[in-house]
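Visitor: Let me give you the structure first, and then I'll get to my questions.
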Amino acid sequence: MTSILELEARFDSGVYPKRDLALVRGEGALVFDAEGRRYIDCVAGIGSVNLGHAHPRVVAAIREQAGRLMVCPGIFSNDRRAELLQRLVAAGPKGMARAFLCNSGAEAVEGAIKLARLHTGRPEIVAAMRGFHGRTLGALSATWEKDYRAPFEPLVPGFTHVPFNDAPALTAAVSQRTAAVLLEVVQGEGGVRPATREFLHAAQEACRTHGALLIMDEVQSGFGRTGRMFACEHHDLRPDLLCMAKSMAGGLPMGGILIGERLGEIPRKVHGSTLGGSPLACAAALATLDVLEEQELVGRAARLGRRALERLAAIEAPVVREARGLGLFLGLDLRIKSAPVVRRLQEDGILVLQAGPTVIRILPPLVIEEEDLEAVLDGVARAVAAEASAS
């Protein structure tokens, strides 16, 4: 019989660097391979399963809605969509008035860029070095990494990048031609780098001074990951547009944009999404919000994240440069390549990500058992020590 790995290698597009592992089942913070081996999953769908895998409340909501109505385009109203829109606006930062629903984070960023240019009539977007906002052309234009960008140039014109956490450089870059400033509160792909309060408030002030919009990319940091529902709440920000996706619907593809009061009325037909806001995804998202609130998972992420960051910072190895993070959005920056450490962890039954060549990114589901989180932190310390000895 042809193996799963062989089938994917033969027929997949080839754009993904595959690990030597086929996952077939998940439960909470655990996943299992085709041979039944158990792994603690701190990849979590690259941050897409804050509630863990196969959460019973989400599964039940999907099953029930699938038997009622799965697709309802935006030209018609729908009960699940109407309820979700209300809940999202209520859950967002102060000043949010409406929401647009789509299917992914890149779609959300694309929509936010369009809305900013539409609202201001201006062409320019200021983003940050090391930022990652997606791989579609507009989102890729806002993304910093040259290896992602170079094969597809020329990209969308009008994008400028400033050093992350350099408030004076950001202030100087914003002008009367700026439509928006687009930032992550915690850079994920860029190395798990939290923004400073000074930098974020400089961005907000510059936008207000020049009539530009502040766009926060919370695709990975939203829905409790950092110990707040949205990471910008740590800094009392009032964004004009907030991009969300990943864990929004408990693992089903979904994205969205929270739209602030300053934008006023948006003309019809300027944007759309055929399957955005489908009743099926909306039902899953409503169940996700219910679980986050009822089980107080946002506060739990803050508590567990503080403990985890302390433990990562306490790893005594000369190859460790810095532990960084916010809530359960964690990174360990090394003085050696992180890929061998990631491989050692996988052999030890722990799945984590890279975030650049030297950073380990750790994204445990918010429901992870405390003993499993401790096992992950123990495993990271062992793997770092072993690789330090071997290098």
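Visitor: If you take the charge dipole of segment 168-215 about its Cα centre, with +1 on Lys and Arg Cβ and -1 on Asp and Glu Cβ, which of Ile215, Val174, Phe199 is farthest toward its positive end?
Guide: Projecting each Cα onto the dipole axis, the largest value belongs to Val174.
Visitor: Let me ask another. At 1.4 Å probe size, with every protein chain present, just tell me what the per residue accessible area of segment 1-143 comes to in Å². Intermediate results must be reported in sequence, preceding the final value.
Guide: On the way: 7670 Å² over 143 residues.
The answer is 54 Å² per residue.
Visitor: To continue, here is another question. So how much accessible area does Tyr16 have, in Å² to the nearest 10, using a 1.4 Å probe?
Guide: 150
Visitor: Testing the spin-label approximation: label points 7 Å from Cα along Cα→Cβ at Arg25 and Val270. State their distance in nm.
Guide: Output for this residue pair reads 5.0 nm.
Visitor: What does the helix-only formula give at 222 nm for the chain: each DSSP H stretch with n ≥ 4 adding -39500 (n - 2.57), the total divided by the residues, and the result rounded to the nearest 500 deg cm²/dmol?
Guide: Working: 13 runs with 146 residues, N = 391.
Value at 222 nm, helices only: -11500 deg cm²/dmol.
Visitor: Would you work out what percent of the accessible area of segment 244-373, with all protein chains in place, is carbon or sulfur (probe 1.4 Å)?
Guide: On the way: 2550 of 5340 Å².
Roughly 48 percent, rounded to a whole number.
Visitor: Based on the Cα coordinates of segment 1-134, what is the per residue volume of their convex hull in Å³?
Guide: 213
Visitor: Additional query: Any chance you could run the full-extension gain for Ala375 through Phe11? It's 0.36 nm times the residue separation minus the Cα-Cα distance, nm to one decimal. Display every interim value, and only then the final one.
Guide: On the way: separation 364, 0.36 × 364 = 131.04 nm, distance 3.62 nm.
Roughly 127.4 nm would be gained on extension.
Visitor: Taking only protein heavy atoms into account and a 1.4 Å probe, give the accessible area per residue of segment 193-260 in Å².
Guide: On the way: 1750 Å² over 68 residues.
With the other protein chains kept in place, segment 193-260 gives 26 Å² per residue.
Visitor: Additional query: In what order, largest first, do Val15, Val219 sit by accessible area if the probe radius is 1.4 Å?
Guide: On the way: Val15 105, Val219 20 Å².
I get Val15, Val219, largest accessible area first.
Visitor: In whole percent, and with a 1.4 Å probe on the protein chains, what portion of the accessible area of segment 1-115 is carbon and sulfur?
Guide: Summing carbon and sulfur atoms, their accessible area is 58 percent of the total for segment 1-115.
Visitor: With r defined as the distance between the Cβ atoms of Glu83 and Ser389 and R0 fixed at 45 Å, what FRET efficiency is calculated, to the nearest 0.05?
Guide: In this case the efficiency is close to 0.25.
Visitor: Right, another one. When DSSP assigns beta bridges and you keep just the ones with both residues in the chain, what percent turn out antiparallel, to the nearest 5?
Guide: 65
Visitor: Show me the ranking of peptides 21-29, 278-286 by mean Cβ neighbours inside 10 Å, starting with the highest.
Guide: Packing proxy ranking, top to bottom: 278-286, 21-29.
Visitor: So if I restrict to the alpha-carbon atoms in segment 238-326, what is the Rg, and what is Dmax, the biggest pairwise distance, in Å?
Guide: My reading of the Cα-based Rg and Dmax gives 18.8, 58 Å.
Visitor: What is the pair-distance distribution P(r) of segment 335-391, computed from all Cα-Cα distances in 10 Å bins starting at 0, with each bin given as a whole percent?
Guide: 24, 55, 19, 1
Visitor: Report for segment 126-268 the percent antiparallel among DSSP-assigned beta bridges with both residues inside it, nearest 5.
Guide: Approximately 30 percent, going by the DSSP bridge assignments.
Visitor: Write down the radius of gyration of segment 199-246 and its Dmax, each obtained from C-alpha positions, in Å.
Guide: 11.0, 32
Visitor: Tell me which of Leu5, Phe32, Pro154 sits at the most positive position along the dipole axis of the chain, charges placed on C-beta atoms (Lys, Arg +1; Asp, Glu -1).
Guide: The residue sitting most towards the positive pole is Pro154.
Visitor: Right, another one. In Å, what is the Rg of the alpha-carbon atoms in segment 277-391, and how long is Dmax?
Guide: Reported Rg and Dmax, both Å: 16.0, 53.
Visitor: Write down the accessible area per residue of segment 333-391 in Å², having rolled a 1.4 Å probe over the full set of protein chains.
Guide: It amounts to 38 Å² per residue over segment 333-391.
Visitor: Using the C-alpha atoms of segment 125-174, what convex hull volume per residue, in cubic angstrom, is computed? Working shown, then result.
Guide: Numbers: hull volume 3.1 nm³, N = 50.
Taking only Cα atoms, segment 125-174 has a hull volume of 62 Å³ per residue.
Visitor: Sticking with this structure for a sec: Just round it to a whole percent: the fraction of Cα-Cα distances in the chain exceeding 28 Å. Spell out each step's value before the answer.
Guide: Working: 35363 of 76245 pairs.
Value for the chain (Cα pairs over 28 Å): 46 percent.
The values are calculated or read from the model by the stated rules, or taken from the named source; none is laboratory data. Being a predicted model, the structure only gives us computed values, none of them experimental. All Cβ positions, even for glycine, are placed from backbone atoms using ideal geometry, and neighbour counts span all protein chains on display. Heads up: the accessible areas ignore ligands, DNA and RNA and are worked out on the full protein's heavy atoms, side chains in. Shrake-Rupley method; radii C 1.70, N 1.55, O 1.52, S 1.80 Å.
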